[in-house]
Amino acid sequence: MAKQARTWGIFIAQLALSIYLIVTAICLITKVGSSISSAEINAVAGLFGKAAPVINVLIGIILGVCGIMFAFKAFGIDFGKFDDYVKYVTIVLWIIVTVITLIFYIKEWTSVLVLHWLLVLAKNALIIGSILTIKNGK
């Protein structure tokens, strides 16, 4: 049905996005390290109080599954509708995290914080845009 053209740009974007999501998932689940986004997700999960560790693990599992699916898709393996649903859940989740992060991020408006806010916006827009470029399967 909707076969995606196999270009180097799409392959690299899918592979990079899958690695990014997997590393973020590992950081959220294990608390061993931190990725650029795990700090943002931890802050959003912190809004849930004592349930924050559970929220982190759930988000980590979703991101990990999505990252694995994108890695398979980068190499041409498609799981049909299942990976499409995972993609939709991930994109909605990422948009929610992005909006909450951007709303609560700036306490005071200084030029440095505004530039950092714009960088957070740009990074999350790149991730959301990369997810949107991955076509649906069978």
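The values are calculated or read from the model by the stated rules, or taken from the named source; none is laboratory data. Keep in mind the model is a prediction, meaning the values are calculated, not measured. All Cβ positions, even for glycine, are placed from backbone atoms using ideal geometry, and neighbour counts span all protein chains on display. Side chains are part of the model used for accessible areas, which takes the heavy atoms of the whole protein and leaves out ligands, DNA and RNA. Shrake-Rupley method; radii C 1.70, N 1.55, O 1.52, S 1.80 Å.
For first residues located in the stretch 15-29 and over 15 Å from Ile91 (Cβ atoms), partners that are at pLDDT 90 or above and basic (Lys, Arg) and lie 6+ apart or on another chain with Cβ distances below 8 Å do not occur.
What about Phe48, is it modelled with pLDDT of 85 or more and out of contact with any strand residue (DSSP E or B) (no Cβ under 8 Å at 6 or more places or on another chain)?
No.
Of all residues in the stretch 74-90, which are more than 24 Å from Asn42 (Cβ to Cβ), open to solvent by 20 Å² or more (accessible area, probe 1.4 Å) and either in a helix (DSSP H, G or I) or free of Cβ contacts under 8 Å to residues at least 24 places away in the same chain (or both)? Answer for the stretch 74-90, where residues must be more than 24 Å from Asn42 (Cβ to Cβ), open to solvent by 20 Å² or more (accessible area, probe 1.4 Å) and either in a helix (DSSP H, G or I) or free of Cβ contacts under 8 Å to residues at least 24 places away in the same chain (or both): Phe75, Ile77, Lys81, Phe82, Tyr85. Among residues of the stretch 110-125 that are in a helix (DSSP H, G or I), those with a Cβ under 9 angstrom from a residue that is surrounded by 11 or more Cβ atoms within 10 Å (Cβ to Cβ) and acidic (Asp, Glu), sequence gap 6+ or separate chain, pair up as Val120/Glu40; Asn124/Glu40.
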